[in-house]
Amino acid sequence: MLRYIVKRLLFMLVTLSCTIIFVFTLLEFTPGDPAKIILGQTANEEALEAIRIQFHLNDPYIVRLGRYFMQLLHGDLGTSYITRQPIAGAIAARLPLTLRIAFFGILVGACIGILAGTVSAVKQFSLADRILTFISLFGNSAPSFWTAMLFVLIFAVKLQLLPATGSYGFKYWILPVATIGLQCSSGVTRMTRSSVLEVIRQDYIRTARAKGQVEWKVIISHALRNAFIPILTQLSGEFCGYLGGTVLVESVFAIPGIGNYVLDAVKKMDTPVVLSGIVIICAMCSVIILVVDILYSFIDPRIKATFGFGVKKKKTAKAAGGSK
Amino acid sequence: MGENTLLSVEDLVVKYFLRTSTCEAVNGVSFTIEKGERVGLVGETGAGKTTTALSILDLVPNPPGRIVSGKIILNGEDIRTKSIADVRKIRGNDVAMNFQDPMTSLNPVMTVGDQIMEVVRLHNDIGKFEAMDKAKEMLELVGIPGERYLEYPHQFSGGMKQRVLIAMALACNPKLLIADEPTSALDVTIQAQVLDLINGLRERLGMSLLLITHDLGVVAETCDRVMIMYAGSIVESGTIRAVYKNIKHPYTKGLFGSIPRLDIESDRLEPIKGMMPDPSNLPEGCAFCERCPNAVEACKTQRPKLEDIGDGHLVACFNPLKEEA
Amino acid sequence: MAKKDGYKKEKLGQSQFQLAWIRLKENKFALVSLYIICAIILIAIFAPLLAPYDYAAQNYDEILMFPSLKHPFGTDQFGRDIFSRVIYGTRYSITIGLCTMIFSCILGVTLGTIAAYYPKLDNPIMRFLDIFGSIPDMALLMCLVVIMGSNMRNMIIALGLYYTPGYARLARAKVLTLRNEEYVEASIALGASDARILLTHILPNAVAPLIVRFTMATGGSILEAAGLSFIGLGIQPPKPEWGLMISQGRGFLSTNWYYPILPGLCIVLLSYCLNYLGDGLRDALDPRLN
């Protein structure tokens, strides 16, 4: 089991490194002179040359790439062209905000989605199914920033129940989380519906009913447990999407998260921020995918067995049998 | 119907209502099973055997299937009139059913012990540890070491999975075990083991057995009585001796003729001409008419009913076969 | 009996696509969605004839007016008629959706087919696309905008590149399965060239899931484009793109709610229809999946 985790970890690091190289190379093509971005368009040539030396901008591509990796290993994410401040500090302050919205949004979306999807699947073709499908498509069809504004309109402006912007208290989180939750629930509902539909046709569901099990327990203990893996895959995909995608919601609610940070940098051509911001986002995605992969093996005993965990079980069983 | 009757099915009609057609799966089937009796239900694929069995436990998939009419009397009560909660109390408890494909009939993410425990705790008010002991006991009963109750279905072979399913079915000491093709998906050597197991347990626990199969040999070895089913109706039934020695229905004759026999010299097997009619388009008269060498005028327009020709031997035919020399 | 015969007649001699079309017609939602999408396409084509005002016409006497008969969707802070702008906005959405999809479809299917057909190129192509696809959507798009600058053409290229891996994977999987079918082996035995086999045998059979993805991803790309324009990285003002209009109306949410909300409603309508149509197409082309 441990070997599997280590192997996956190494694989993740390799993939991540390739992604970093890819993004770094991509950003090499940014138009404009970085030195002029730092000092402004009107700076004189001497100052520009000094800046170039200070920021190692004249070094060849490979050297700069290597330097970036070395910096990463030391936790240094580079320095912003605009603020001249270390990027790591800014990201450390902003990342938790984004993570909070994304995480709770996914949680809300998952709860609503799994419930709606299961009901939809169990009562396939009924009125409830059609209504739920209609509502769930809403999350998929409405742009998140528009839904956010709609919520603000209804709850902040008209009903005056919740604040529109800011991020310093629980009240402030409700609308952003609701926005993400609504959008996320759409995908989860659809995935749950199709996954449960497939599982419900399996023979072991019939066996469970033939044992005299109550219908809701058949659905939850037997069907959902088997349907869960594709749903988990969907959830991890959504989370990764939201790590970058919350920029739209952050924009509406004026939340200083990582999305907004990278957006500002893009507008100001602050390449190091864009680079490190995307690198951090990709790193988080990789970690999530790794965690979910390992979670799979706990949920599905068939996967667990493939990676040597079964050996341990036999020992336990023998011990239990031996002590009888 | 007498004191000793455990199950009595009367005029059962089950149909599958599909988008473009209606499939008449079971057409007026009636039979009884006595306490401790072993009955075989034989027929080709698509004859309606599984649907009949599913109907007893109200497990016919509800869209698109439905029990249209009929009575299913268990221990004197018509269970079709009972609420679903009461029917659940019967499932796995008074009547247990085993399905055809053991490979897919067990929940892959639950241990076999848990799955047996589930049925035990559903019908008995006992604690978790007692149920665990019972689960281990059932596994031992079917020849699997008790410690394996912690293992998952994928860790068992096909034959062992079938044993687990049998253990699960018998865990609450049912009065009737319905075994739907218990050996079709298994190797021949394992088949014999599983049949012995079922037989042995049945004797020990004193249950009735409804064995559904397409294998006449298995029925001969395992059952007291046999019912031959064709296109949703029972065409012949009686004790093994009566039916096997004195075949009356042309279809039964055809079935026997399709099996190779050691005691008769013959060059070729004699399959029955033609194919079973499409259950969504059954003919007006006898369903076997087109393929029947014995067909008469009446067969084309009327459906024959089961008639007792002596000693409990029932045949549904307007022109049954004569006695064999 | 008669009904059965009619059903049988339906089945004889009709291609897979004709059958799918019949099935699709039975799905009322999908059919209505198709009509609405066609209507929107027509609106886009005939926008100058349908819009009551010029989308850029500013009129400082009539700024921020509520919806009325004269201005069905009201006016914005420059006095421009929002209804007309929404009508012209259909052009952007439809163009972006179609161009993005066509671009990514052609590129993706080509890459996927090459990867499937020439095993030596399989690994490098798919690994590269994996890396490409491992970067979340907004992050990748922002990155591409930094390099290319924000205007419509670049946005189409960026979105097209973003959707390419999906098509590539789909095409590759389909080609790999179909390549082993017997009718392909027969063709090879008859001496057909690679290109011929691909075009006449494999691609027509791979078309079904591609059509479904095309429809549904179009909806996705329209949403992404609106999002990019909203944060200022897509279409630039004063063009009447819906996402941009929502962004410009942001400040007026509490006073003139119709300004940002109504263009969004159009995005929702178009996406909904594309989604329902995509669902319907998937059910029609492969009913087993329902």
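Output the residue which, of all residues in region C:89-114 that are among the hydroxyl-bearing types (Ser, Thr, Tyr) and more than 18 Å from C:VAL175 (Cα to Cα), is surrounded by the fewest Cβ atoms within 10 Å (Cβ to Cβ). Walk me through it before giving the result.
Looking only at region C:89-114, we keep the residues that are among the hydroxyl-bearing types (Ser, Thr, Tyr), and these are C:90, C:92-93, C:95, C:100, C:104, C:110, C:113.
Then drop every residue that is not more than 18 Å from C:VAL175 (Cα to Cα), which leaves C:90, C:92-93, C:95, C:100.
Numbers: C:THR90: 23, C:TYR92: 24, C:SER93: 24, C:THR95: 14, C:THR100: 26.
Checking each candidate, the answer is C:THR95.
Quickly run through region B:47-67 and pick out the residues that are of a type outside the set (Val, Ile, Thr), outside any loop (DSSP other than H, G, I, E, B) and either loosely packed, with under 15 Cβ neighbours inside 10 Å or more than 11 Å from chain A (Cβ to nearest Cβ) (or both). Can you show your working first?
Our first condition is that a residue be of a type outside the set (Val, Ile, Thr); within region B:47-67, this holds for B:47-49, B:53-55, B:57-59, B:61-66.
Cutting the leftovers down to outside any loop (DSSP other than H, G, I, E, B) gives us B:49, B:53-55, B:65-66.
Passing the criteria: B:LYS49, B:SER55, B:GLY65, B:ARG66.
Just one of B:ASN98, B:ASN173 is of a type outside the set (Lys, Arg), within 26 Å of the chain's Cα centre (by Cα) and within 9 Å of another protein chain (Cβ to nearest Cβ); which is it?
B:ASN98
Looking only at region C:250-263, filter to residues that are more than 9 Å from chain A (Cβ to nearest Cβ) and in a helix (DSSP H, G or I); which one of those is modelled with the highest pLDDT?
C:LEU262
So is A:ILE219 more than 7 Å from every other protein chain (Cβ to nearest Cβ), surrounded by 19 or more Cβ atoms within 10 Å (Cβ to Cβ) and over 30 Å from C:SER229 (Cα atoms) or not?
Yes: the conditions hold for A:ILE219.
Going through region B:70-106 one residue at a time, which ones are farther than 14 Å from B:ASP58 by Cβ and hydroxyl-bearing (Ser, Thr, Tyr)?
B:THR104, B:SER105
So in region A:115-134, with the set limited to residues that are small (Gly, Ala, Ser) and assigned to a helix (DSSP H, G or I), which one is surrounded by the most Cβ atoms within 10 Å (Cβ to Cβ)?
Restricting to residues being small (Gly, Ala, Ser) and assigned to a helix (DSSP H, G or I), the top hit is A:GLY117.
Please go through region A:163-207 and pick out each residue that is within 14 Å of chain B (Cβ to nearest Cβ) and in contact with an Asp or Glu (Cβ under 8 Å, 6 or more places away or on another chain).
Residues of region A:163-207 within 14 Å of chain B (Cβ to nearest Cβ): A:195, A:197-207.
If the condition is that a residue be within 14 Å of chain B (Cβ to nearest Cβ) and in contact with an Asp or Glu (Cβ under 8 Å, 6 or more places away or on another chain), then A:ASP203 is the only one that fits.
Within region B:96-110, how many residues turn out to be buried (at least 20 other Cβ atoms within 10 Å of the Cβ) and not aliphatic (A, V, I, L, M)?
5
Across region B:103-124, what is the total count of residues that are in contact (Cβ under 8 Å) with a residue 24 or more places away in the chain and at the interface with chain A (Cβ under 9 Å from one of its Cβ atoms)?
Looking only at that region, the number is 12.
Considering only residues of region A:234-271 that are among the charged types (D, E, K, R) and farther than 10 Å from A:THR98 by Cα, which is nearest to the other protein chains (Cβ to nearest Cβ)? Walk me through it before giving the result.
From region A:234-271, those among the charged types (D, E, K, R) are A:238, A:250, A:264, A:267-268, A:270; that's our starting set.
Those left that are additionally farther than 10 Å from A:THR98 by Cα: A:238, A:264, A:267-268, A:270.
Details: A:GLU238: 10, A:ASP264: 10, A:LYS267: 7, A:LYS268: 10, A:ASP270: 9 Å.
Among those residues, the one meeting the criterion is A:LYS267.
Looking at C:ILE157, C:ILE147, C:ILE202 in this structure, which one is in contact (Cβ under 8 Å) with a residue 24 or more places away in the chain and farther than 30 Å from A:LEU137 by Cα?
The match here is C:ILE202.
Return the residues of region C:57-99 that are under 29 Å from the mean Cα position of the chain (by Cα) and among the hydrophobic types (A, V, I, L, M, F, W, C); say none if nothing qualifies.
Correct list: C:PHE73, C:ILE82, C:PHE83, C:VAL86, C:ILE87, C:ILE94, C:ILE96, C:LEU98, C:CYS99.
How do the helices (runs of 4 or more DSSP H) wholly within region C:116-208 filter down when requiring 2 or more residues that are away from chain A (no Cβ under 13 Å), over 30 Å from A:GLY32 (Cβ atoms) and modelled with pLDDT of 80 or more: which remain? Before the answer, list the steps.
On the way: elements: C:119-134, C:137-148, C:152-179, C:182-189, C:194-197.
Output list reads C:119-134, C:152-179.
Among the residues of region B:82-95, is any away from every other protein chain (no Cβ under 14 Å) and either on the phi > 0 side of the Ramachandran plot or out of contact with any Lys or Arg (no Cβ under 9 Å at 6 or more places or on another chain) (or both)?
Checked region B:82-95: no residue is away from every other protein chain (no Cβ under 14 Å) and either on the phi > 0 side of the Ramachandran plot or out of contact with any Lys or Arg (no Cβ under 9 Å at 6 or more places or on another chain) (or both).
State which residue is farthest from B:LYS15 (Cα to Cα) when the search covers only region B:281-300 and only residues that are of a type in the set (Gly, Ala, Ser) and crowded, with 17+ Cβ neighbours inside 10 Å.
B:ALA295
Run down B:SER157, B:SER208 and say which single residue is in contact with a Leu (Cβ under 8 Å, 6 or more places away or on another chain) and either hydroxyl-bearing (Ser, Thr, Tyr) or away from every other protein chain (no Cβ under 14 Å) (or both).
B:SER208
Regarding region A:34-56, can at least one residue be identified that is within 28 Å of C:LEU161 (Cα to Cα) and touching a Ser or Thr at 6+ places or on another chain (Cβ under 7 Å)?
Within region A:34-56, one or more residues are within 28 Å of C:LEU161 (Cα to Cα) and touching a Ser or Thr at 6+ places or on another chain (Cβ under 7 Å).
Checking the structure you have, find out if any residue of region A:136-156 is under 20 Å from A:VAL249 (Cβ atoms) and away from chain C (no Cβ under 13 Å).
Among the residues of region A:136-156, not one is under 20 Å from A:VAL249 (Cβ atoms) and away from chain C (no Cβ under 13 Å), which makes the answer no.
Against the definition (under 26 Å from the mean Cα position of the chain (by Cα), surrounded by 13 or more Cβ atoms within 10 Å (Cβ to Cβ), touching a residue at least 40 places away in the same chain (Cβ under 8 Å) and farther than 29 Å from A:VAL249 by Cα), how does A:ARG8 come out, yes or no?
yes
The conditions are (1) in a strand (DSSP E or B); (2) free of Cβ contacts under 8 Å to residues at least 12 places away in the same chain, and B:ILE33 fails exactly one of them. Which is it?
(2)
Condition test on B:ILE144, is it surrounded by fewer than 19 Cβ atoms within 10 Å (Cβ to Cβ), in a loop (DSSP other than H, G, I, E, B), more than 10 Å from chain A (Cβ to nearest Cβ) and of a type in the set (Val, Ile, Thr)? Step through it out loud before you land on a result.
Working: surrounded by fewer than 19 Cβ atoms within 10 Å (Cβ to Cβ): no; in a loop (DSSP other than H, G, I, E, B): yes; more than 10 Å from chain A (Cβ to nearest Cβ): yes; of a type in the set (Val, Ile, Thr): yes.
It is false that B:ILE144 is surrounded by fewer than 19 Cβ atoms within 10 Å (Cβ to Cβ), in a loop (DSSP other than H, G, I, E, B), more than 10 Å from chain A (Cβ to nearest Cβ) and of a type in the set (Val, Ile, Thr).
Given the residues C:ASN275, C:ASN205, which is the only one that is of a type outside the set (D, E, K, R), in contact with a helix residue (DSSP H, G or I) (Cβ under 6 Å, 6 or more places away or on another chain) and more than 30 Å from A:TRP146 (Cα to Cα)?
On inspection, the qualifying residue turns out to be C:ASN205.
Report the residue count in region A:198-219 for those that are of a type in the set (S, T, N, Q) and either touching a Gly at 6+ places or on another chain (Cβ under 6 Å) or free of Cβ contacts under 8 Å to residues at least 24 places away in the same chain (or both). Full working, then the answer.
Step one: of region A:198-219, the residues of a type in the set (S, T, N, Q) are A:202, A:207, A:213.
Applying the additional criterion that residues be either touching a Gly at 6+ places or on another chain (Cβ under 6 Å) or free of Cβ contacts under 8 Å to residues at least 24 places away in the same chain (or both) yields A:207, A:213.
Final tally of qualifying residues: 2.
Inspect region A:271-278 for any residue being buried (at least 24 other Cβ atoms within 10 Å of the Cβ) and in contact with a Lys or Arg (Cβ under 8 Å, 6 or more places away or on another chain) and give the result as yes or no.
Within region A:271-278 (the criterion being buried (at least 24 other Cβ atoms within 10 Å of the Cβ) and in contact with a Lys or Arg (Cβ under 8 Å, 6 or more places away or on another chain)), the answer is no, since none of the residues qualifies.
When you look at A:ALA265, is it modelled with pLDDT of 85 or more, under 17 Å from the mean Cα position of the chain (by Cα), more than 24 Å from A:VAL108 (Cβ to Cβ) and of a type outside the set (Ser, Thr, Tyr), yes or no? Steps first, answer last, please.
On the way: modelled with pLDDT of 85 or more: yes; under 17 Å from the mean Cα position of the chain (by Cα): no; more than 24 Å from A:VAL108 (Cβ to Cβ): yes; of a type outside the set (Ser, Thr, Tyr): yes.
No: the conditions fail for A:ALA265.
Across region A:53-68, what is the number of residues that are surrounded by 14 or more Cβ atoms within 10 Å (Cβ to Cβ) and closer than 22 Å to A:VAL266 by Cα?
Qualifying residue count for the region: 5.
Answer yes if at least one residue in region B:68-78 is part of a loop (DSSP other than H, G, I, E, B) and touching a residue at least 24 places away in the same chain (Cβ under 8 Å), and no otherwise.
Among the residues of region B:68-78, at least one is part of a loop (DSSP other than H, G, I, E, B) and touching a residue at least 24 places away in the same chain (Cβ under 8 Å), which makes the answer yes.
The values are calculated or read from the model by the stated rules, or taken from the named source; none is laboratory data. In this text the structure is predicted, and so the values were computed from the model without any measurement. Because the Cβ atoms are built from the backbone with ideal geometry, glycine has one as well, and the counts that use them run over all protein chains shown.
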